[in-house]
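To keep things clear, I will list the structure first and then write my remarks on it.
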Amino acid sequence: MARYFTDEHEWIDVEGDTATVGITDYAQEQLGDIVFVELPEVGAMVEKGKDAAVVESVKAASDVYAPISGEVTEANDALEDDPALVNTSPEEEGWFFKLTIGDKEELEGLMDLKAYKAFVDEL
Amino acid sequence: MNPPNKSGWKPAMNATDQDGMHIGPATVSGNRALMLEEPLSFEIGHAEITGVDLPEIDPAAANRLGGLERSDPIGLVGLSEPETVRHYTRLSRQNYAIDLGLFPLGSCTMKHNPRLNEKVARMPGFADVHPLQPVDTVRGALEVINELAHWLIDLTGMHGVAMSPKAGAHGELCGMLCIRAALEARGDARKVVLCPESAHGTNPATAAFAGYETEDIPAGADGRVDLEALKARLGPDVAAVMITNPNTCGLFERDMKAISDAVHEAGGFVYCDGANFNAIVGKVRPGDLGVDAMHINLHKTFSTPHGGGGPGSGPVVLSEALSPYGPLPYTARTKDGVVHLIEEESAESFSEEHFGGVMDSFGRMTAFHGQMGMFTRALTYMLSHGADGLRQVAEDAVLNANYILRSLEDLLHAPYADSGPCMHEALFGDKDFGGDLSTLDLAKGMIDEGYHPMTVFFPLVVHGAMLVEPTETESKAALDQFIASFRSVAERANAGDESLKQAPYYAPRRRLDETQAARKPVLAWNDPNLT
């Protein structure tokens, strides 16, 4: 399994043809207490760089962009009842959705952990 | 005696509270002299009490409900008239209002509502009219709408105005529907609307509601729209650009004319969010900057009450290209000097006779003419100020905001302090705060100082944003007092003063759990005796 990161502070785990998407620890910390998460419908086609989900905190509502294109196969329903999971476990239990990878070449250009850490340190 | 407030949380009333602050002896009632601790109406009342004398039910009278009468208690609060009056009067004393003090909410323009406006709006000829009255009996009211429309067109240098939208976002929708109608009329299926990152959230929301996809326009380091990036994105798919000017960083978009020219050249339209028009009224005419549609918040720029004090009103001024598509009904004066109300029945024949038949309205935004009560107030404001007075409004609003910016920039991160003078509002960030203190803690500290906090965490382009709009109605003495309080709380924030984390100390309620309130809101009264 490989984990990639975007400059919009999403992480993406790739296992075979399936990708799991969430927001990073840095992102949740910047947002503050998450109060609502709007997830894409299963079966929805998302397009790389376009909004796929919405995360709302006490400070602001923000779009979550699809890091790659594909079809949504599963959404993390646990976030509906307990959006705080994004705060307590952003990079594991607080995942947003899974999708089938449309085009593996889109993964090129995403950051690995080391590159993302360096990116965040610059901010 | 039990304290009256059974369900609510209240400040500790003992000699010292949990933070060791001396407060004084506890009172049995929970009141602090004239600071009255007010329970919920459900906690005061008894279901059997009512402010109205209802006749006893005559058991012999025919029951015509057919068995549908309610058999369970309805659970309504029961209060006598004096209890009701006291309850709401007491609650109102815990409220903060523009009539109590400076209200520094950025982007909201919480300015004084002149009493002359109220006097005029209460004149029977304006206050007691009904939109379904025969037109011949409301000629004066139509005259007011038409006169106000004339002023708005003049002040903005535009071609027409739609008076009916009932608030800023409603006006945005009206403007975007005009743009859509104009594009559809020429068979142009453009799909994308561009909005700057610092836009009011309503801009992309409006574009989406009108059926468009939205994309961000990046800002330059100076806080203004990046003209080159915008130009690079323009093309045959861009229907419109929505720009706030002055923008939400409190800056005037100097490239506005160049932006408009580029958008027009690419075949799109320019929507301007006019929420901040108060900073430029009488100084700049948006029509000269190439704007095609702009809403004007009468409840901001033209001093009509808002924020719980009254309804908004968001007329939209339109360019010549968009005017034919504006909503019905509208008023128009004919050559004989009479102001007519143009509705569906009369629109076609009227526009043929007077405008050469080009009127092609997209429809209606509202059932009737718009916010008549706000029209009378706004026109009163304009006529009492005159054109020169309105210009001074803009000048004083900008002067006051700059006074605040320059009085705080040594203490607080002011990201665009080097971008030139600010317009109507000053923007700060939390970069210099010590410890883990945040903008929220500073805002709560301002409550203890007796001020409504400024706008916080908006615009999103600045970390921990604090947006302060003093408006022109504050005196220098009032600003100095506010600045002294703001500086003192900012100094505590910079020093990492942990006591700020507990603020407010002196409000009727201490810090509320906003997260819990958003995650698990309790929106209905649950009688603790029943659960």
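Just so it is clear, none of the values below were taken in a lab; they were calculated from the coordinates. Computed from a predicted model, the values in this text were never measured in an experiment. Cβ: placed from backbone, ideal geometry, glycine included. Neighbour counts: every protein chain shown.
Worth a mention:
- Residues located in segment B:374-419, provided they are within 21 Å of the chain's Cα centre (by Cα) and aliphatic (A, V, I, L, M): B:M374, B:A378, B:L379, B:M382, B:L390, B:V393, B:A394, B:A397, B:V398, B:A401
- Subset of segment B:282-315 that is in contact with a Pro (Cβ under 6 Å, 6 or more places away or on another chain) and among the hydrophobic types (A, V, I, L, M, F, W, C) - its residue that is surrounded by the most Cβ atoms within 10 Å (Cβ to Cβ): B:M294
- When the helices (runs of 4 or more DSSP H) confined to segment B:408-521 are screened for residues that are among the hydroxyl-bearing types (S, T, Y) and within 14 Å of chain A (Cβ to nearest Cβ), those reaching at least 1 such residues are found at B:439-448, B:514-519.
- On inspection, B:G250 passes the criterion of being surrounded by 23 or more Cβ atoms within 10 Å (Cβ to Cβ), touching a Cys at 6+ places or on another chain (Cβ under 9 Å) and not hydrophobic (A, V, I, L, M, F, W, C).
- Across segment B:53-81, the number of residues qualifying as part of a loop (DSSP other than H, G, I, E, B), within 30 Å of B:W525 (Cα to Cα) and charged (D, E, K, R) comes to 5.
- Subset of segment B:187-202 [under 19 Å from B:A266 (Cβ atoms), touching a helix residue (DSSP H, G or I) at 6+ places or on another chain (Cβ under 8 Å) and β-branched (V, I, T)]: B:V193
- Qualifying residue in segment B:156-164 (condition: under 30 Å from B:G211 (Cβ atoms), of a type in the set (S, T, N, Q) and touching a Gly at 6+ places or on another chain (Cβ under 7 Å)): yes
- Residues of segment B:415-452 satisfying the condition of being hydrophobic (A, V, I, L, M, F, W, C), over 18 Å from B:E514 (Cα atoms) and out of contact with any helix residue (DSSP H, G or I) (no Cβ under 6 Å at 6 or more places or on another chain): B:A417, B:L427, B:F428
- Any hit, segment B:140-161, residues being of a type in the set (G, A, S), at positive phi, crowded, with 17+ Cβ neighbours inside 10 Å and part of a loop (DSSP other than H, G, I, E, B): no
- For segment B:162-258, the strands (runs of 3 or more DSSP E) that sit wholly inside it and include 1 or more residues that are of a type outside the set (S, T, Y) and within 23 Å of the chain's Cα centre (by Cα) are B:192-196, B:238-244.
- One residue stands out in segment B:99-127 among those that are among the small types (G, A, S) and not in a helix (DSSP H, G or I): the one that is farthest from B:P459 (Cα to Cα), namely B:G101.
- From the options A:G32, A:G102, A:G49, residue that is touching a Ser or Thr at 6+ places or on another chain (Cβ under 6 Å), closer than 24 Å to B:A199 by Cα and surrounded by 14 or more Cβ atoms within 10 Å (Cβ to Cβ): A:G32
- Filtering segment A:77-87 for residues that are touching a Leu at 6+ places or on another chain (Cβ under 9 Å), acidic (D, E) and surrounded by fewer than 14 Cβ atoms within 10 Å (Cβ to Cβ) leaves a non-empty set.
- Scanning segment B:203-233 for residues that are at positive phi and without any contact (Cβ under 8 Å) to a residue 12 or more places away in the chain yields a total of 0.
- Some residue of segment B:218-231 being farther than 27 Å from B:E469 by Cα and of a type in the set (A, V, I, L, M): yes
- Residue list for segment B:158-204, restricted to those being more than 15 Å from B:P315 (Cβ to Cβ), in contact with a Leu (Cβ under 9 Å, 6 or more places away or on another chain) and aliphatic (A, V, I, L, M): B:I179, B:A181, B:A182, B:A189, B:L194
- Cβ-Cβ under 8 Å pairs, at least 6 apart or on other chains, segment B:469-497 side at positive phi and surrounded by fewer than 23 Cβ atoms within 10 Å (Cβ to Cβ), far side hydroxyl-bearing (S, T, Y) and part of a helix (DSSP H, G or I): none
- The one condition in (1) touching a residue at least 12 places away in the same chain (Cβ under 8 Å); (2) closer than 20 Å to B:N402 by Cα; (3) within 25 Å of the chain's Cα centre (by Cα) that B:G450 fails to fulfil: (2)
- Residues that are of a type in the set (D, E) and crowded, with 18+ Cβ neighbours inside 10 Å within segment B:400-447 comprise B:E425, B:D430, B:D441, listed in sequence order.
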